[in-house]
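Colleague: Let me begin by handing over the structure; questions about it come next.
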Amino acid sequence: MQALDKQIRVAVIGAGAMGSGIAQVAAQAGHVVYLHDQREGAASTGRDGVAKQLQRRVDKNKMQQQEVDDIIGRIHPVSALSEVADAGLVIEAIIEDLEIKRALLNELENLCGEDTIMATNTSSISITALGARMQRPGRLVGMHFFNPAPLMALVEVVKGLATDKAVADRVYATASVWGKKPVVAASTPGFIVNRVARPFYAESFRLLQEQTASAATLDAVIREAGGFRMGPFELTDLIGHDVNYAVTTSVFNAYYQDPRFLPSLVQKELVEAGRLGRKSGQGFFSYGEGIERPVAQTESARPCDQTRLIVEGELGPAAVLVERLGAAGFEIIERDGPGQLRFGEAVLALTDGRMASERAAADGVDNLVLFDLAFDYSTTTRLAVTAAGQAATKAIDDACALFQKANIAVSLVDDRPGLVVMRTVAMLANEAADAALQGVASMGDIDLAMRAGLNYPNGPLGWSDLLGAGVVFRVLSNIQNSYGEDRYRPALLLRKNHFAQKGFYS
Ligand code: NAI
């Protein structure tokens, strides 16, 4: 399918944060862009904002002045909606309100040509509902950019029940030519990203609520071991808790209160207190001149009085860790076993979703110390570690010494099912698997959306495959058993893959 020709004019309605950014993207791709806003002067302000952004690039020698002048010259603020009549593509980015958006779409249908494509940047309203009162709902499609639109690569092309395939294909091809990474999604609550990302926040919020570790510690573990750009606490402080909490609540209600999407009381209280994050000066952390961020809990250095590391069986996803420990100078002795390490008094294993105390009792190993998943064990600078309630202090000391010798900082957290990164990744994969099962998007598009839209180090389904068939399923089954809650039920596709001994892509 062909992208829109450059000669075709694009109209952007709503010149706020998103509309201005989208106008910039379309103008950079060579289109003449009409920018309209109901508020007087807002469209010009929007264009000035784009000019300011681009000027910074000129100042840094990243763009030519002429190029910027040409782009800005193509953005035309228009004060009357009727002036967009000859646009071939209209993208609305006005207030997130079903009735107001419907009224605008009706007006646009009366103004524009029969072939004009109507796109909406809504992040939460059903495309089907938006199109229901249009004369030709087939021409309406979601074109969901991420903030800031000029920088974020992802565009979710969202199809409502009535959306013509040719229209969605055209918008997909156009987004691609505009330098974006489009994915196709069915119009379901949260589309792909705002649904699949919920556990990233929810699991850490719950761990905080259960006093597992401090917000700064959980952030550090997710960032350093998980490979995510930001931890959930610093990220939601940046997004704004009012915004993030509203998305969670809307997805929770849209899925008829499925406990998987349960909003957090901890975050609700922040909203109630007006601690909205950076923008209000306080969220999980405090902001302002001279205020220092609390540091992550890190275990003090332990003396290392052992040289031999016994590896009993295969460590699965943590196999690379053994290589790293070997390179740190330990003598590795391999023998059969259930997939664990013996070092001094400690018996160490990767979490399988059970609490350490539960697993220690079941396996008859008192000195059990569990460690967390890392995105890359060969480079991680930190690991979350927890010990069974039965474990001797010396076992914990030995476990710390082992990791510290390989330059891995240890954050000792309370004993909770699935630790931190493993639990987060397992729940992300679970949500992604359910979205795939329900035909929200293809598996490849779900993974791409999470990487391009949120900079995740890996797509959740691909990540699940890397861990090995059945790993995520077992972790979730164990977490579900520990909590006795439906929230952690493994998705059907994970169950299927587990029994078929297959991955999502194999
Ligand atoms: P914003 O509040 O910054 O801008 C909205 C603009 O629309 C305002 O300038 C307002 O005057 C104008 N407006 C309102 N009603 C109008 C009407 N009937 N006709 C013409 N102009 C009208 O909002 P923002 O953040 O740019 O969001 C716009 C849309 O994009 C919403 O649907 C939102 O859900 C969606 N979105 C927002 C993202 C974000 O991170 N802010 C990300 C992705 C989508």
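The values are calculated or read from the model by the stated rules, or taken from the named source; none is laboratory data. Note that this is a predicted model, so its numbers are computed, not measured. Cβ atoms come from the backbone with ideal geometry, glycine included; neighbour counts cover every protein chain shown. Ligands, DNA and RNA are excluded from the accessible area calculation, which covers all protein heavy atoms including side chains. Shrake-Rupley method; radii C 1.70, N 1.55, O 1.52, S 1.80 Å.
Colleague: Only residues that are of a type outside the set (Gly, Ala, Ser) and open to solvent by 10 Å² or more (accessible area, probe 1.4 Å): list them for segment 359-374, please.
Modeller: Kept after step one, since they are of a type outside the set (Gly, Ala, Ser), are these residues of segment 359-374: 359, 363, 365-373.
Scanning segment 359-374 gives 359, 363, 365, 366, 367.
Colleague: What single numbered condition from (1) within 30 Å of residue 398 (Cβ to Cβ); (2) assigned to a loop (DSSP other than H, G, I, E, B) fails to hold for residue 317?
Modeller: Here residue 317 meets the rest and fails (2).
Colleague: Among the aliphatic types (A, V, I, L, M) and either in a loop (DSSP other than H, G, I, E, B) or in contact with a Ser or Thr (Cβ under 7 Å, 6 or more places away or on another chain) (or both): which single residue out of 399, 391, 349 fits that description?
Modeller: Working: 399 fails: either in a loop (DSSP other than H, G, I, E, B) or in contact with a Ser or Thr (Cβ under 7 Å, 6 or more places away or on another chain) (or both); 349 fails: either in a loop (DSSP other than H, G, I, E, B) or in contact with a Ser or Thr (Cβ under 7 Å, 6 or more places away or on another chain) (or both).
Exactly one residue qualifies, and that residue is 391.
Colleague: Okay, next question. Taking the conditions exactly as written (more than 16 Å from the ligand (Cβ to nearest atom), closer than 30 Å to residue 491 by Cβ and open to solvent by less than 40 Å² (accessible area, probe 1.4 Å)), does residue 317 satisfy them or not? Before you say what the answer is, go through the steps one by one.
Modeller: Working: more than 16 Å from the ligand (Cβ to nearest atom): yes; closer than 30 Å to residue 491 by Cβ: yes; open to solvent by less than 40 Å² (accessible area, probe 1.4 Å): yes.
Judged against the criteria, residue 317 is a match.
Colleague: Testing residue 95 on (1) in contact (Cβ under 8 Å) with a residue 60 or more places away in the chain; (2) over 23 Å from residue 247 (Cα atoms); (3) open to solvent by 30 Å² or more (accessible area, probe 1.4 Å), one condition comes back false. Which one is that?
Modeller: Result: residue 95 fails condition (2) only.
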